[in-house]
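Below: one structure, written as structure tokens.
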Amino acid sequence: MGDLKNIETTFPGEIHEAPGGGIVLSKLDDIINWARSNSLWPLTFATSCCGIEMMAVASAKYDFSRFGFEVARATPRQADVIIIAGTIVNKMAPVLKRLYDQMADPKYVIAMGACAISGGPFFYNTYSVVKGADHVIPVDVYIAGCPPRPEALLHALMTLQQKIKAGLTREQIRSSD
Amino acid sequence: MTTEELKIKLSELLSVATYEEGGEWLTLNIEPKDWLALAKQLRNDEQLFFNYLFCVTCVDWKTHLSMIYHFTSTKHRHTVVVKSKLDRNNPEIETVSHFWRTADFHEREVYEMFGVKFLNHPDLRLLILPDGWEGKNPMRKDFEDPVNMIRL
């Protein structure tokens, strides 16, 4: 019975005990969201120092594979989530848009650090920096910091998972209407 | 050569140059019109042999522009800095891309950022800035861009 309890906390559904075992009842939407949230492969995309922190999170010490961000893909066709790790300049903006457009649905965006949120230290007196990546593509989760700690990125990744499981991402809300 | 020896040697080559004290490297100020002849000597003279141009940049002082070149010699292991004041309204200086190939791109960057015209440059056009930025020089102190810039 202990095993079944464990399933109840991690798997979306109700357990109905029956002679010789049990039956799990669930909704297909919930199971799909559960599956998707536990396999989110990020895109290899970093434009400045936040990228170094992102690489640290991918490496053995922090290791986002533990949470289902298995491996960074070098092509948008195979990626589920894009972590905007760094400054987006006006010349980079169309490239970012194109990468996002090339990703297959469902796709998610994390804005990592001050530059990706608002332009950060480059908000004032610069001609070349986009003041927030959400001017270019929609963002699901924002992480404060310059750069954020690896733990903060892990927290953002888990926040994204919770958002997907709860059905609260932009696309999920739109499709449920 | 030591800094003192370099100074004596360069004074022989160009007597009108003035020197700055207190820097890490020997720094000389020259007139733009003397630049081509001096650059040729810096590159080709056996004792000087400055074969590596490791930095080309420009500073906008509001009253004038200042070109700054850093040279070093991989053979003699000595370094020199050359500075030249330019007229802010019509900045022109001879290119050195024929002596140091790296100057080609560096001068193109200074051209787009500060609007300095490099005479006899083989391919003087924008390097990093996208099309449509000709004539606008974002690193000038008085540069304004009401669309992209938020002034503090």
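Here, each number is a calculation from the coordinates, and none is a lab measurement. Note that the coordinates shown come from a computational prediction; the quantities given were computed from them, not determined experimentally. So basically every Cβ, Gly included, is an ideal-geometry build from the backbone, and we count neighbours across all protein chains shown.
State whether the residues of the stretch A:146-162 include one that is polar (S, T, N, Q), buried (at least 16 other Cβ atoms within 10 Å of the Cβ) and touching a residue at least 60 places away in the same chain (Cβ under 8 Å).
Yes: the stretch A:146-162 contains one or more residues that are polar (S, T, N, Q), buried (at least 16 other Cβ atoms within 10 Å of the Cβ) and touching a residue at least 60 places away in the same chain (Cβ under 8 Å).
For the stretch B:17-47, which residues satisfy the criterion of being outside any strand (DSSP E or B) and among the acidic types (Asp, Glu)?
Passing the criteria: B:GLU21, B:GLU24, B:GLU31, B:ASP34, B:ASP45, B:GLU46.
For the stretch A:35-129, which fully contained helices (runs of 4 or more DSSP H) count at least 1 residues that are within 14 Å of another protein chain (Cβ to nearest Cβ) and out of contact with any Leu (no Cβ under 8 Å at 6 or more places or on another chain)?
The helices (runs of 4 or more DSSP H) meeting that bar are A:93-102, A:113-118.
Would you mind telling me which numbered condition in (1) acidic (Asp, Glu); (2) crowded, with 17+ Cβ neighbours inside 10 Å; (3) free of Cβ contacts under 8 Å to residues at least 60 places away in the same chain A:ASP101 fails?
(2)
Among the residues of the stretch A:61-87, which ones are under 11 Å from A:ALA133 (Cβ atoms) and in contact with a Lys or Arg (Cβ under 9 Å, 6 or more places away or on another chain)?
Answer for the stretch A:61-87, where residues must be under 11 Å from A:ALA133 (Cβ atoms) and in contact with a Lys or Arg (Cβ under 9 Å, 6 or more places away or on another chain): just A:ILE82.
Within the stretch A:62-71, does at least one residue satisfy the condition of being surrounded by fewer than 21 Cβ atoms within 10 Å (Cβ to Cβ) and in contact with a strand residue (DSSP E or B) (Cβ under 6 Å, 6 or more places away or on another chain)?
Among the residues of the stretch A:62-71, not one is surrounded by fewer than 21 Cβ atoms within 10 Å (Cβ to Cβ) and in contact with a strand residue (DSSP E or B) (Cβ under 6 Å, 6 or more places away or on another chain), which makes the answer no.
Taking the stated definitions as given, is A:LYS131 farther than 27 Å from A:ILE32 by Cα, free of Cβ contacts under 8 Å to residues at least 24 places away in the same chain and surrounded by fewer than 22 Cβ atoms within 10 Å (Cβ to Cβ)?
Against the criterion (farther than 27 Å from A:ILE32 by Cα, free of Cβ contacts under 8 Å to residues at least 24 places away in the same chain and surrounded by fewer than 22 Cβ atoms within 10 Å (Cβ to Cβ)), A:LYS131 qualifies.
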